[in-house]
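FYI, it's all coordinate maths here, none of it is from the lab. All values derive from a computational prediction rather than experimental measurement. Cβ placement follows ideal geometry from the backbone for every residue including glycine, while neighbour counts extend to all protein chains displayed.
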Amino acid sequence: MKLLVTGSSGLIGSEVVDYFCKLGWQVHGVDNNMRADFFGPQGDTRWNQERLKALHRTFNHHELDIRDRKAVLECLQALKPDVVVHTAAQPSHDLAASRPFDDFDTNAVGTLNMLEATRQHVPEAVFIHMSTNKVYGDRPNTIKLKELETRWDYDDPAYEKGITEEFSIDQSKHSLFGASKVAADVMVQEYGRYFGMKTCALRGGCLTGPNHSGVELHGFLSYLIKCNLADRLYKVFGYKGKQVRDNIHSLDVVRFMHAFIESPRCGEVYNIGGGRANSVSVLEAFDKIAAISGKPMQWEYLDQNRAGDHICYISDLSKMKAHYPGWGITKTLHDVFVEIHEATLAAT
């Protein structure tokens, strides 16, 4: 089997490379290290690219910008992969506001380039897109909440398991990043429904793991743990530090991709996250990493929350488990903290 993955040096892309190379697949990675351009030296992913090249003989790196339509079309024509996994993106709310053309051209136009190149040259290929829960905008903040000692939680029994795929993506504030990802998400669905292609959009919550190049603008747990170990001040933006995210290890994300590849559907969407069991607030995360590292968290509170930010977001995994009953979360929240802690120590 031949697989093409965009954003192959990033968190999910590199996990895709590791996972499928170990299965003996021929894996082609597309990456041009735009994360370093977006976020500076801390966001640089070249180290991950070199790690993958050294580890896997069946991995081939392609220095390619997904905004370059001609290059994308030529790449798909030449490689003709059986599977396309599209993880490349501009992932930050704040950066999108300051660089709107770069954001939209990467997230929306880049995705269209990948879809159309796939349709023209390998229409039978499975196409998996890493979307985001930010396609729901700030509408999750309209759910009735209750304030607990260390977190916000849903105060509506309809959301006991979290947010389902039926939740509206309309009439809400998304940030420009969220809007560009909505465009990509809907286009992925449309290529499945209109052209009959085997596509899905995975609306990720907090995707994380030891290979995350986390920065303040993107990469919640990775950046938080880096700050703890370096005694660096961590800024909490609003909501009393009780905002909640469900965290899923990159390996469990890729395990779901494998399940979808083996039994694909057309134009599907899935909310992919850690679920309630892997949910954590910022304040709770401070305590968890302090217990592991033995170092208290250095932090300050800023009363202004980020525009469009979720107060509480937990993914309902029911649809994923119903469609793919062999899939489930294998990495606990504690596993995630320990692995990122160990990887951060090893890198210093």
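Exceeding 18 Å between C-alpha atoms, which entries from my cross-link table qualify? They are Lys146/Lys242; Lys181/Lys319; Lys134/Lys240; Lys242/Lys288; Lys144/Lys288. Checking Cα-Cα distances, Lys181/Lys319; Lys134/Lys240; Lys144/Lys288 exceed 18 Å. Note on Leu55 and Glu74: the model spin-label points, each 7 Å out from Cα along the C-beta direction, lie 3.0 nm apart. Panel order for Cys21, Cys266, Cys75, by other beta carbons found within 10 Å of each beta carbon, from fewest to most: Cys266, Cys21, Cys75.
Histogrammed with a bin width of 20 Å, the alpha carbon distances of the chain distribute as 32, 61, 7 percent, first bin at zero. Across segment 1-152, Cα-Cα distances exceeding 23 Å account for 41% of all pairs. Rounded to the nearest 10 degrees, what's the angle between the helix 333-347 long axis and the longest principal axis of the chain, both from Cα atoms, 0 to 90? In the chain, helix 333-347 runs at an angle near 80 degrees to the longest axis. Here the Debye sum runs over all C-alpha atoms of segment 209-285 as equal scatterers in vacuum, and log10 of I(q)/I(0) at q = 0.15 Å⁻¹ comes out as -0.65.
Just from its helices, what would the mean residue ellipticity at 222 nm be for the chain, if runs of 4 or more DSSP H residues each count -39500 (n - 2.57) and the sum is divided by every residue, rounded to the nearest 500 deg cm²/dmol? Kindly include the intermediate steps, with their values, before the conclusion.
Numbers: 13 runs with 139 residues, N = 348.
Helix contribution divided over all residues of the chain: -12000 deg cm²/dmol.
Rounded to the nearest 5, what is the percent of antiparallel bridges among the DSSP beta bridges in segment 2-347? Spell out each step's value before the answer.
Numbers: 7 of 46 bridges.
If we restrict to bridges inside segment 2-347, about 15 percent are antiparallel.
Axis angle, to the nearest 10 degrees, between helix 110-121 and the longest C-alpha principal axis of the chain: 30 degrees. Calculated over segment 256-348, the projected area of the Cα convex hull averaged across directions stands at 8.8 nm². Here's the picture: charge each Lys and Arg Cβ at +1 and each Asp and Glu Cβ at -1 in segment 2-347, and of Val336, Leu224, Ile169 the one pushed furthest to the positive end of that dipole is Val336.
Specify whether the C-alpha gyration tensor of segment 1-71 places it in the rounded, prolate or oblate class, a ≥ b ≥ c being the square roots of the eigenvalues: rounded for a/c under 1.5, otherwise prolate if a/b is larger than b/c and oblate if not.
Values: a/c = 2.34, a/b = 1.38, b/c = 1.70.
Here segment 1-71 falls in the oblate category.
In terms of packing, defined here as the mean over residues of other Cβ atoms within 10 angstrom, the peptides 99-105, 274-280, 174-180 line up highest first as 174-180, 274-280, 99-105.
Computed over the chain, relative contact order equals 18 percent, with contacts defined as Cα pairs under 8 Å that lie 6+ residues apart.
Here's how it looks for Val269: its modeled amide H is under 5 Å from those of Ala201, which are all 5 or more places away or on a different chain. Between the Cα long axis of helix 220-229 and the first principal axis of the chain there is an angle of about 60°, rounded to the nearest 10. Annotation for Cys266 and Glu147: the two label points, set 7 Å from Cα along the Cα-Cβ direction, are 5.0 nm apart.
Dipole magnitude of segment 2-347 about its Cα centre, charges +1 at Lys/Arg Cβ and -1 at Asp/Glu Cβ only, in debye to the nearest 20? Mind showing how you got there, number by number?
Numbers: 39 positive and 44 negative charges, 82 e Å.
Rounded to the nearest 20 debye, it is 400 debye.
The order of Glu124, Glu268, going from fewest to most other C-beta atoms within 10 Å of their C-beta, is Glu124, Glu268. Look at where the Cα atoms of segment 66-120 and of segment 260-295 average out, and the two centres are 25 Å apart.
Once you have the alpha carbon radius of gyration of segment 110-153, what is it after dividing by 2.2 N^0.38 Å, with N set to its residue count? In units of the 2.2 N^0.38 Å rule of thumb, it is 2.02. When each of Glu190, Glu15 is scored by the number of other beta-carbon atoms lying within 10 Å, the sequence from fewest to most is Glu190, Glu15.
Normalised by the number of residues in segment 121-277, the average gap of Cα pairs under 8 Å and 6 or more apart makes the relative contact order 32 percent. Sequentially through segment 131-139, phi angles give Karplus couplings (6.51, -1.76, 1.60; θ = phi - 60°) of 8, 7, 6, 6, 5, 7, x, 8, 4 Hz, Gly and Pro residues having no value and appearing as x.
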